[in-house]
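The values are calculated or read from the model by the stated rules, or taken from the named source; none is laboratory data. The model shown is predicted, which means the values in this text are computed figures rather than measured ones. Note: ideal-geometry Cβ built from the backbone for every residue, glycine included; neighbour counts use all protein chains shown. For accessibility, only protein heavy atoms count, side chains too; no ligands or nucleic acids. Shrake-Rupley method; radii C 1.70, N 1.55, O 1.52, S 1.80 Å.
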Amino acid sequence: MSNQKLMKILGKKEVLALAFGAMIGWGWVVTAGLWISEAGSLGSIIAFAIGGMLVVFVGLTYAELTSALPLAGGELIYSFKAMGRLASFITTWAVILGYVSVVAFESVALPTVFEYLIPNYSQGHLYTIGGWDVTITWAGVGILGSILIAWVNYRGIKLTSSITFILTLLIMIAGVLLITGSSITGTAQNMEPLFNKGIAGLLTVVIMTPFMFVGFDVIPQAAEEINLKQKKIGQLLIVSVVLAVIWYIAIIFGVSRVLTPAEMSNSTLVTADAMAKAFGDSRMMGNILVLGGIGGILTSWIGFYVGGSRAIYALAKAGMLPKTLGELHPKYHTPHKAILLIGLFSTIAPLFGRPALVWLVDAGGLGLVVAWLMVAISFIVLRKKNPDMHRPFRLRGGATFGWIAVLMSIGVFILYMPGMPSALIWPYEWMIIVLWAGLGMILYKISMSKYGKKSSNQHLNREIAKVMKFDDRTEKLEKIK
């Protein structure tokens with residue numbers, strides 16, 4: 001079992017579909033109306049441009065580090081080499097919170113789709129939480145979907161990447177139809193008000209953007225399964241980020257151009273209703289958009305199972321989590337026990353009802369910002385500590401990009417804090433953060449006492465040494481050529 005390796009089979013189109021599909025997900029369908037109502041049409045576009053800038057700069061640091069250290073676990077490797085074991089655990093545990101939040105988010109979003117396709121299907125009241133009635137059929141759809149996606153990921157990266165590529169094409173077709181239709185039939189008057197709730201509204205949307213853009217960092221998590229040159233991996237990471245920024249801004253533009261604020265406030269799925277109105281109140285076109293949204297749920301769901309399970313796998317291999325989570329399936333070569341663990345979180349999420357959508361977006365977003373900040377710091381430290389490290393995708397301008405990413409990450413991090421108009425909600429959102437941090441601390445302490453700090457350090461140093469020796473040989477061959 002210890003000699004098994006992840007399967008190295010992902011090509012260009014699979015990598016791009018995995019990252020882009022993970023980033024766009026379902027949020028553009030279910031929360032576009034919330035963004036516009038909070039900040040206004042132009043305000044929400046500016047908010048996503050700000051969030052996009054953060055992600056582009058962070059993505060650039062990721063691209064250089066991923067090409068230099070293409071190992072499963074991504075953030076774990078970069079932060080360990082730069083700042084040591086404890087920093088690497090904090091970084092990776094924070095990003096896993098973001099991944100698990102997205103996975104859980106999608107299991108709550110799926111039953112929401114059925115409210116548009118099958119009105120009044122939600123039956124069998126169980127209880128009320130956060131003002132939302134949880135029913136047997138509503139929770140059941142999310143639970144069944146969660147089990148299906150866990151099974152797909154369990155069966156291997158080849159199946160998941162093939163399904164993701166097909167579904168990403170479906171999403172893009174639906175999105176292009178919406179943007180084209182709304183551009184032709186919509187009006188600039190519908191976009192009023194351009195700004196809403198002033199700076200508070202703008203910041204409220206800004207703190208949602210990290211959660212919406214997360215997905216590009218699935219690439220470094222799956223680095224050992226990518227069959228491409230290291231430089232190409234970095235390039236594809238940046239391409240996926242830029243495509244996602246364009247996508248979200250275009251969707252906001254399209255929705256706000258075709259629907260009035262009053263129509264948005266009366267809509268349960270704003271993006272689907274915008275699609276229907278753009279094509280002459282066609283219910284069929286609205287359903288096509290929803291099918292694209294379902295594709296987004298599935299691609300995001302699959303992508304973050306890949307990212308989250310590989311991050312857990314890397315921590316377990318390093319002895320920072322129980323080592324049983326670092327075992328690969330003998331037939332499918334997947335970290336199957338890590339996948340089942342994520343499946344547990346995903347399966348229980350629908351039992352918390354639709355309010356969990358917002359809680360997960362905000363709490364998971366904070367975890368991602370913390371991880372991105374740590375990666376940006378690692379980028380700066382490694383530029384100084386290991387200036388001669390082989391970097392196939394090397395950023396010009398030295399550590400400047402890293403400092404910009406650090407400052408922007410800190411700026412967004414502050415927006416989550418108490419006293420800010422966009423602060424996390426007590427007790428729900430802060431409780432998620434506190435419980436996750438406590439769980440991580442307990443698991444880390446238990447694992448370190450069982451496996452030892454020295455063993456953990458030796459494992460990570462060995463993995464990094466293998467890559468760097470390969471890089472040295474590659475660099476010498478390139479010079480000879």
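Cβ-Cβ contacts under 6 Å between residues 6 or more apart (or on different chains), taken from a first residue in the stretch 353-375 that is under 21 Å from L126 (Cα atoms) to a second residue that is of a type in the set (D, E, K, R) and open to solvent by less than 10 Å² (accessible area, probe 1.4 Å), are listed as W359/E429.
Here the condition is being assigned to a helix (DSSP H, G or I), touching a residue at least 60 places away in the same chain (Cβ under 8 Å) and not β-branched (V, I, T); of G73, G43, it holds for G43 alone.
Within the stretch 151-173, is even one residue within 30 Å of E38 (Cβ to Cβ), in contact with a strand residue (DSSP E or B) (Cβ under 9 Å, 6 or more places away or on another chain) and of a type outside the set (A, V, I, L, M, F, W, C)? So far as the stretch 151-173 goes, no, none of its residues is within 30 Å of E38 (Cβ to Cβ), in contact with a strand residue (DSSP E or B) (Cβ under 9 Å, 6 or more places away or on another chain) and of a type outside the set (A, V, I, L, M, F, W, C). Candidates V95, V113: the one that is open to solvent by less than 10 Å² (accessible area, probe 1.4 Å), more than 20 Å from A311 (Cβ to Cβ) and either of a type outside the set (F, W, Y) or outside any helix (DSSP H, G or I) (or both) is V113. Among the residues making up the stretch 66-93, those that are over 25 Å from K232 (Cβ atoms) and over 22 Å from the mean Cα position of the chain (by Cα) are M83, G84, R85, L86. A single member of I410, I414 is among the β-branched types (V, I, T), without any contact (Cβ under 8 Å) to a residue 12 or more places away in the chain and open to solvent by 60 Å² or more (accessible area, probe 1.4 Å), and it is I414.
Residues in the stretch 317-346 that are over 19 Å from T160 (Cα atoms), open to solvent by less than 40 Å² (accessible area, probe 1.4 Å) and touching a residue at least 60 places away in the same chain (Cβ under 8 Å): A318, G319, M320, L321.
For the stretch 350-367, the set of residues classified as modelled with pLDDT of 90 or more and in contact with a Phe, Trp or Tyr (Cβ under 8 Å, 6 or more places away or on another chain) consists of P350, L366, G367, listed by residue number.
Taken over the stretch 259-285, the criterion of being more than 23 Å from the chain's Cα centre (by Cα) and under 17 Å from A39 (Cα atoms) is satisfied by L259, T260, P261, A262, E263, M264, S265. The lone criterion from (1) open to solvent by less than 30 Å² (accessible area, probe 1.4 Å); (2) part of a helix (DSSP H, G or I) left unmet by Q189 is number (1).
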